[in-house]
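S.K.: Sharing a structure, written as structure tokens. Questions coming.
The values are calculated or read from the model by the stated rules, or taken from the named source; none is laboratory data. From a predicted model like this one, the values you see are computed outputs, not experimental measurements. Glycine gets a Cβ as well: all are built from the backbone with ideal geometry, and neighbour counts include every protein chain shown. Calculation scope for accessible area: heavy atoms of the full protein, side chains included, ligands and nucleic acids excluded. Shrake-Rupley method; radii C 1.70, N 1.55, O 1.52, S 1.80 Å.
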Amino acid sequence: MAKSLVLGASAAAMARPLLGPALKGSGEVESLLRRVIRELRVAMTLVGAKDVNGLKKVKFLIVGRLRDLLDSWGDTHGPDG
């Protein structure tokens, strides 16, 4: 989630990771969501973001497969420019 927000997303969502816990009960879903929130807070701390909006101001470097994909497009705006 943090990565999506840093890269410019207005929101981030998750569904599939919640399906298994949802079949086991609301307590499992709550436990997973607490972990996700904790991990998001850790990521925010590591990059110096005071809140979720602060993630949009984080400087970042794109490497690896995503960098290769963007390079193949010739820009950072996607295949359609």
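S.K.: Condition check: loosely packed, with under 11 Cβ neighbours inside 10 Å, modelled with pLDDT of 95 or more and not in a helix (DSSP H, G or I). Does Lys50 satisfy that?
M.R.: yes
Let's see how each residue does on (1) open to solvent by less than 50 Å² (accessible area, probe 1.4 Å); (2) touching a residue at least 12 places away in the same chain (Cβ under 8 Å); (3) not in a helix (DSSP H, G or I):
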{"position": "Ser10", "(1), (2), (3)": "no, no, yes"}
{"position": "Gly20", "(1), (2), (3)": "yes, no, no"}
{"position": "Leu23", "(1), (2), (3)": "no, no, no"}
{"position": "Glu30", "(1), (2), (3)": "no, no, no"}
{"position": "Arg41", "(1), (2), (3)": "no, no, no"}
{"position": "Met44", "(1), (2), (3)": "yes, yes, no"}
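S.K.: If you take the residues in segment 53-66 that are open to solvent by 70 Å² or more (accessible area, probe 1.4 Å) and either in contact with a Lys or Arg (Cβ under 6 Å, 6 or more places away or on another chain) or in a helix (DSSP H, G or I) (or both), which one is modelled with the lowest pLDDT?
M.R.: Leu66
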